[in-house]
Every structure is written in structure tokens, then in C-alpha cells.
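Taking it in order: structure first as C-alpha cells, then the write-up.
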Amino acid sequence: MEHTLTTKAIKAYKVATLVLMLLGGGVYLIMGANIAGVWGVIVYGVFVIFIIRKFFNETHSKIKEVSYDKESLYVREEGYDVQIPFHQVKDIEIVSMDGLYKFKLYHHDQFGNEVICKPSIWYPFNYKRIDAELNRIRSYVRKAHREYKEQIGSDRSLPSN
């Protein structure tokens, strides 16, 4: 049975963070206008655009819809699911205070070395439930690593003559 990890409101999250960043950038531009005039607005504007673009390229463009079962992660990519066995997951860590989680992978051709997901739009308020779910996934990863090492170990043993 497959469990969805990513929140259904991921688009709302992306829009809300963009709006908040633009509002913060607008305040920053107003401060620049008050401090340094027209050149301040230009310099501060370029800086704000650079920061927002960098943030979205590094984080928001990598946010994927993720689901899982006891054996694998499933990452939705343009209408189809890509299966990533848990033995290919290196680590799971929180990336930001608003609850973005990063799945570090040993290697994957399609996603690179990481997949980022947002389990809950209300993360700071329901962190116990989300952390319990991610701890369950971590236990699946540890179990898959043990089984994979045992399988590799048994495959390497040579038959005796």
C-alpha cells in the first residue's frame, strides 16, 4: 500500500513563499530607495532578483511529489512515478524550518543526488506526526541497507569445490 508523503497543497506553498519573498524584496527595495536613492533601488533590485531566483532554482524547482511503501520511494515526474529502492537512499534530513525534507541518494540519473519534498503545509504545528512518518521511512531505509549488504555479501562468497 502506497502512502503519499508530499502535501496536496504544494502549489499553494510555492505561490505563498514566492509572494512572501516578493513582499520582503519590496520592503528591501523601499529601504534601498530611502537610503541610496535611484541607484539604491537598482542595486537592491538586482540583489533581490538574484536571491529569489537562486532560492527557487535551488529549492523550489527540486520539490517533487513523493510517496512510499515498505520497499521504495516513488517520485512523481511529469505524469509517471519513478521508483527508488530504499537501499539507494543515503540519508533523510530537514532542509528548512518550514519543513522541506531532502532525500539524499547514492546516485540517480533522473534526479541527481537528492529529492526534496514538503510533507505538510502546516509543518511547524504538526511536526510530531511528520517526524514520526519520516522516522518510519528512515527505519525502512536502514532495513533495506542491512538486507542489501547481506545480499551483496552472500553474492560475493565463492562456492566451495
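Here, each number is a calculation from the coordinates, and none is a lab measurement. The model shown is predicted, which means the values in this text are computed figures rather than measured ones. Here the Cβ is made from the backbone with ideal geometry for all residues, glycine too, and neighbour counts use every protein chain on show.
Table for the structure above
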item: Helix axis angle, 127-156 relative to the chain longest principal axis, alpha carbon, degrees; result: 40
item: Cβ-derived FRET efficiency at R0 35 Å, residue 61 paired with residue 139, nearest 0.05; result: 0.70
item: Simple spin-label estimate for residue 131 and residue 3 in nanometres, 7 Å along Cα-Cβ; result: 1.7
item: Point-to-point label distance, residue 83-residue 35, nm (Cα→Cβ direction, 7 Å offset); result: 5.5
item: Local electrostatic count at residue 114 - Lys and Arg +1, Asp and Glu -1, tallied over other residues with Cβ under 11 Å; result: +2
item: [x] 13.5; [y] 13.0; [z] 14.1, with the label sought being that of the calculated mean projected area of the Cα convex hull in nm²; result: [y]
item: Residue 120 long-range amide H proximity, modeled H, under 5 Å; result: 7
item: Mean Cα-pair separation over length for the chain, i.e. relative contact order, pairs under 8 Å, 6 or more apart, %; result: 21
item: Local electrostatic count, residue 24, Cβ distance below 15 Å [Lys/Arg +1, Asp/Glu -1]; result: +1
item: Euclidean distance between Cα centres, the stretch 90-114 to the stretch 45-66, Å; result: 16
item: Per-pair calculated FRET efficiency, R0 = 41 Å: residue 42 and residue 97 via Cβ, rounded to 0.05; result: 0.85
item: For residue 100, residues with placed amide H under 5 Å, excluding near neighbours; result: 95
